[in-house]
1. Using Cα positions and a limit of under 19 Å, work out the lysines in reach of LYS36, with same-chain residues fewer than 8 apart set aside.
2. Does the stretch 571-702 come out rounded, prolate or oblate, given a ≥ b ≥ c as the square roots of the eigenvalues of its C-alpha gyration tensor, rounded meaning a/c under 1.5 and, failing that, prolate meaning a/b above b/c?
3. Per DSSP H run of at least 4 residues, take -39500 (n - 2.57); add these up for the chain, divide by its residues and hand me the 222 nm value, nearest 500 deg cm²/dmol.
4. Simple spin-label model, 7 Å along Cα-to-Cβ: SER656 to LYS127 in nm?
5. For the chain, calculate the relative contact order in percent as a whole number, restricting contacts to Cα pairs under 8 Å that are 6 or more residues apart.
6. Near GLU336, within a Cβ-to-Cβ distance under 12 Å, what is the net charge of the other residues, with Lys and Arg +1 and Asp and Glu -1?
7. Going by average Cβ neighbours within 10 Å, how do the peptides 405-412, 321-328 rank, with the highest at the top?
8. Which shape class, rounded, prolate or oblate, goes with the stretch 277-402 when its Cα gyration tensor gives a ≥ b ≥ c as root eigenvalues, a/c under 1.5 marks rounded, and past that a/b bigger than b/c marks prolate?
Amino acid sequence: MNKQKNIHIITSILIIVAIFIGIIIIQKNYENTLLKKSEISIKQRAEETSTFIYNQIYTNKTYLKSTGDLLSKVLSNSFYDISNENIMYISNVFNDINSSNNLVTSLYFTDNSTGNIINSTGRMDLKDSKADFRTRNWYKAAKESKDPVISDVYNDINGDKQCITMSYAVYKDNNFIGVVSTDIFLEDMSNYLSNLLDNNSSSLYLLSPTGKVIIYHDKNILGKTLSQNNIHGKEIYIYSSYIYGLNWKIVISPYADILEKDLYNNLFMISLIGFILCCILLITTNYYIDNLYKISTLTGLNTRYKLMHDSKRNCSLSPVYLLFISIKELNSVNIEYGYNITDLFLKNYAELLRKLFDDKANIYSLNEKDFILTFKSTNYKEILDYVNNCLIDLQHCEVIIKNNKVKADAFLAFLELNCNEIKNLNIYLPKIEEVVKELKHGNKSFVSGKLEQFIIDVEGGKEGLIFLQKAIKEDKIVPFFQPLTNIKTHESETYEVLMRIKDEDRYLSPYPYIIMAEKYNLIQAIDLMVLDKALDYKTKIDKEDRLIFAFNMSGRALNDIEYLNKVNSVIDKYGIKHENIVLEITETQNIENLAELIKVINEFKKSNYKFSIDDFGTGFSSIYYLKNIPADYVKIDGSFIKDINAKDENLYLVKSIINMAKAFELKVVAEFVESKEILETLENINVDYAQGYYIGKPSSSI
Ligand code: C2E
Ligand code: CA
Ligand code: CA
């Protein structure tokens, strides 16, 4: 269940991750569309700006050209001939153009032969001028071109302002006479364009062919070289294009800051919404999973998960009493009736538990076949009494479902858990389950006690099993013989064969191993081994075949004809008279199988075998049992014999057993005869045979 919960949590995390990835993809798409949109607008703006600048420059070029043509007309070949009147005229023309044009602020003509200048204020001789313009690149470039040319960015004559010069060669009668030019200050041009273009054009750059910034709102950058991809030290989205007819390049990254801000604002919002969604989803799935795992969908009872949860909270110092109920052979119900009926059966069982224990205990469905009840009360006796009262109902559940009589037995373990065990139920629950699994297939269908004792027994049991298997393999299982004496004749003709396990120089009593051997289906093999060895010994020491040997038969052996045939053939192998063989059967046989048992015994009795009812007085012994089982002997359980002289009630009980036995013509055997006094008492009350340490201890030889 925990594993399943983990799987669910992992899946829900995966879903959340998937949603998160989805959101990121949406974000990315959004980012892309935003960029696309801004790209289009950048492109558009760049084109607009580019056309605008082109128009401006084109107009200026036209002005320059027409000024040049005018100069060519007004000026004579020789600058010396020029009249003051003409100079005034030219200056005026320059002035007019200057004031009518926003970009062109200073038109001037440089005479080629003298280097003298005419500008809007009049004439300036070379000697008064700060520089000889004829040496300038723009001058030379104009001379070589028929069209106006534009210079690269350079520092103006005063050395403090970035400017470019637009120049045009003037010819008179095909003679080059000088250059008309205008200086355009980048700052002015930038201001002018910035004013013309909208305010957001702050990220618009105009670059000269050498990459120098001609236009930018930050004056400090004007004239500086700009690497296209590294504007402001970071990569941003830009668009660049050349302006037609010029080598100027327009670089535009409008909205660079705005775009980022916009984008990040939106991304933040989307992330926030995504995050909140994920949180809500996580909380709801967790809540859902929690509930799902706290209540069993089949029975509606609390689950193992809830049990773990509750055990952490309810930790007190007093012990906790817990009833573990495990439905046996649910699989066969499944096979016989199908899953639907099985489910209904379990629902019914859960209902029964509710009816019986709702006010007394918390009820949990551990898995489909196991239930756990934790009692609210800490009064051991009170709870145990109550459980005992309900025992039959719980152990043998029979319900009619869709006309089917569905029946299943349950195994119950009433366990006392100490504070530590309940606190660490995550560790102890698997141990409890292991204990139940071990005990479930044993003879008892109800056990009670402290959990720790069960754990020790079961864990020890595993080692025991290994030990037993090794003993079988290494042929360490041997028979011992304990005499039964005929109290009247004092003769010992009968011996009970008892198994021992040879462990180095000791012989171990089989008792704990027998239970295990029954559980792991080893008992029949062991019994056959003991039978074979005992009879082999008998043939050696009792050639006349006078002695009677009594063998213990394990609980289920008498239901197994195949096994009984094997027993028969071992006996016949040694040619032992059947009347010299007694088979001791215990009362733990299921009463329901009594008819079958009687049939088998009768069958064997036809072959002259003798039977003895062992441990009489402990189980469901009844007069009915004595009457109907066609046995020859009844062996009164040793627990009544060993203190028969100390406890009157034992004496009366033994006496009544003797009376019953005699009525059905059975011989009476008493075991655990440990003293002379006991033997005397037994003799007085007409017991036929005595067995016990006083008569003779079990021994490897006779
Ligand atoms: P059980 O059939 O009741 O055997 C009698 C037990 O009482 C034996 O214990 C015996 O050693 C012990 N006993 C005999 N006299 C006295 C006495 O005076 N005082 C006391 N306190 N005990 C006495 P053991 O040999 O330990 O066997 C225990 C049980 O194991 C047997 O109980 C029997 O049910 C089972 N068992 C023994 N051998 C075999 C076997 O080969 N096959 C099967 N299936 N069961 C066996
Ligand atoms: Ca016996
Ligand atoms: Ca016994």
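1. Of all the lysines, those that pass the test against LYS36 - Cα under 19 Å, at least 8 places apart if same chain - are LYS28, LYS261.
2. On the way: a/c = 2.14, a/b = 1.29, b/c = 1.65.
Note, shape of the stretch 571-702 comes out oblate.
3. For the chain, the value works out to -16000 deg cm²/dmol.
4. Label at SER656, label at LYS127, 16.2 nm between them.
5. On the way: 1043 pairs, mean separation 52.5, N = 702.
Worked out over the chain, it gives 7 percent.
6. Around GLU336, the surrounding residues sum to +1.
7. On the way: 405-412: 17.8, 321-328: 22.6.
Put in order of decreasing packing, that is 321-328, 405-412.
8. On the way: a/c = 2.73, a/b = 1.14, b/c = 2.40.
Verdict is oblate for the stretch 277-402.
The values are calculated or read from the model by the stated rules, or taken from the named source; none is laboratory data. Here the structure is a predicted model, which means the values were calculated and not measured. A quick note on method: Cβ atoms are made from the backbone with ideal geometry, for glycine too, and the neighbour counts reach across all protein chains shown. Heavy atoms of the whole protein, side chains included, go into the accessibility calculation; ligands, DNA and RNA do not. Shrake-Rupley method; radii C 1.70, N 1.55, O 1.52, S 1.80 Å.
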